[in-house]
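Remarks on the structure that follows.
The values are calculated or read from the model by the stated rules, or taken from the named source; none is laboratory data. Just so you know, these numbers come straight off a predicted model, no measurement behind them. Backbone-built Cβ (ideal geometry, glycine too); neighbour counts: all protein chains shown.
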């Protein structure tokens, strides 16, 4: 095993303090959550979704149990890449994050990997010329790696169960776990398995394999929704961090990747090492529920300290089901990040021009139902289509009509120039929240109309905060109960330009029934 700097910073933790970390009360967990979440809405949403009993009638038994009492079947699988290069302090911080996930009811399996050669996704066996000594050395390194991670995680408060030999077998379709019950029993006892990148061949010979293959095999074997066991998080900790985004400043990573929409393009453009992580996430998420997600970040970002608790991407994602900040915020104003959240996501369909009103490419009946559901009002579809007949610029549909953005071209005062106007942004009630449909639609719209886009919203609309964050500017209309928003690459340099925008939003008549 490679030489690693060692520290004694954590060697003197007392048995009593470790016991306190490993057995927090339910109230301690609640306090910890309140300190970790960004707002009350996220706290309420998490507790309503996952708390085992109602908080209003919490009994003394509940208070003495951990929050994970009712959540023992939510599973995360974490890969720590090139763990030999990480110092003890970094591993301890990662261990504290894993401990935090456990307190939130997420039972976690950890696969620490090194630079050992092994079978890859192509399932090629090691070359025959590879010496027996090389293979034994690799096995020995794996065992040392497991021992070290287990020891440091234990000091961080995690009850670990190190496996020093393989729990996976190799079959014609790759690695798989034959005895899942032993892992489920370990998780049910609140222990965290530390699993090596090893597998048994059909002849029972144990060999090193690529850690990604172990993670894929674990995901495939342990995700059993029919038995209420759900793998709903994949965590990839890698020094290269999230997938780089050239459109973000200073080499910042993609914030959110909607794989159904973006995978093929990213696979062609990302650096090789990032493609490996992208491929692992895509393979695993294809097997999981639509709510599942993968997080790719650096080991340093994944460390949990008192000062970073509210910014820890692993804890934040579990509590909110979201990325650390929204992917649709203006890129020049977004923080720099090395964390990428990936979802299987939804495909995005774009239809341009007025032809899509009649050519059958869009189901206007389903759009009508979607808009009514989203706005909780009834659209006068006949009047609306009449308005779109000469002005429709684009219809963007996310998934199976889970959301839509409808953009029109509106004439400004001189009658010659036209400005893109966001007429409707609608997301079905079932898709609102963690799926980030609004962000996906907004980003697709900005890609279509990068230079200029305007929209309006009623002054009392609770969504206005979301609009403020994504606009370059806004202004209240002096004549109507609307607020104007605009965004794009253009720089508005005079009030005449804004006057054109205001005239557009003041002129458009709503087409709701009984408005």
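As a summary of the residue check, residue 349 satisfies the conditions (1) in contact (Cβ under 8 Å) with a residue 40 or more places away in the chain; (2) in contact with a helix residue (DSSP H, G or I) (Cβ under 7 Å, 6 or more places away or on another chain) except for the one numbered (2). Look at segment 318-333: where a residue is in a helix (DSSP H, G or I) and a partner is surrounded by fewer than 18 Cβ atoms within 10 Å (Cβ to Cβ) and modelled with pLDDT under 85, sitting 6+ places away or on another chain with Cβ atoms under 8 Å, you get 319/42; 319/43; 320/38; 320/42; 320/45; 320/434; 331/249; 332/249.
Here residue 86 meets the list (1) modelled with pLDDT under 95; (2) touching a helix residue (DSSP H, G or I) at 6+ places or on another chain (Cβ under 6 Å); (3) crowded, with 21+ Cβ neighbours inside 10 Å almost entirely, failing just condition (1).
Condition (residue is under 20 Å from the mean Cα position of the chain (by Cα) and farther than 15 Å from residue 155 by Cβ) applied to segment 80-91: is it met by at least one residue? Looking for residues that are under 20 Å from the mean Cα position of the chain (by Cα) and farther than 15 Å from residue 155 by Cβ, one finds at least one in segment 80-91, hence yes.
Among the residues of segment 257-268, is there at least one that is assigned by TED's automatic domain parsing to the domain that holds residue 80, surrounded by fewer than 22 Cβ atoms within 10 Å (Cβ to Cβ) and outside any helix (DSSP H, G or I)? No; the residues of segment 257-268 include none that is assigned by TED's automatic domain parsing to the domain that holds residue 80, surrounded by fewer than 22 Cβ atoms within 10 Å (Cβ to Cβ) and outside any helix (DSSP H, G or I).
On the given criteria, is residue 399 at pLDDT 90 or above, outside the structural domain of residue 280 (by TED's automatic domain parsing) and on the phi > 0 side of the Ramachandran plot? So residue 399 passes the test.
Filtered by the rule that a residue be in a helix (DSSP H, G or I), under 19 Å from residue 408 (Cβ atoms) and touching a strand residue (DSSP E or B) at 6+ places or on another chain (Cβ under 7 Å), segment 356-379 gives 356, 357, 367, 368, 370, 371, 374, 375. Given the criteria touching a helix residue (DSSP H, G or I) at 6+ places or on another chain (Cβ under 8 Å), surrounded by fewer than 16 Cβ atoms within 10 Å (Cβ to Cβ) and outside any loop (DSSP other than H, G, I, E, B), does residue 283 qualify? Spelling it out, it is not the case that residue 283 is touching a helix residue (DSSP H, G or I) at 6+ places or on another chain (Cβ under 8 Å), surrounded by fewer than 16 Cβ atoms within 10 Å (Cβ to Cβ) and outside any loop (DSSP other than H, G, I, E, B).
For beta carbons closer than 6 Å, sequence separation of 6+ or different chains, a first residue in segment 356-385 that is farther than 23 Å from residue 463 by Cβ and a second that is assigned to a loop (DSSP other than H, G, I, E, B), the qualifying pairs are 356/362; 383/511.
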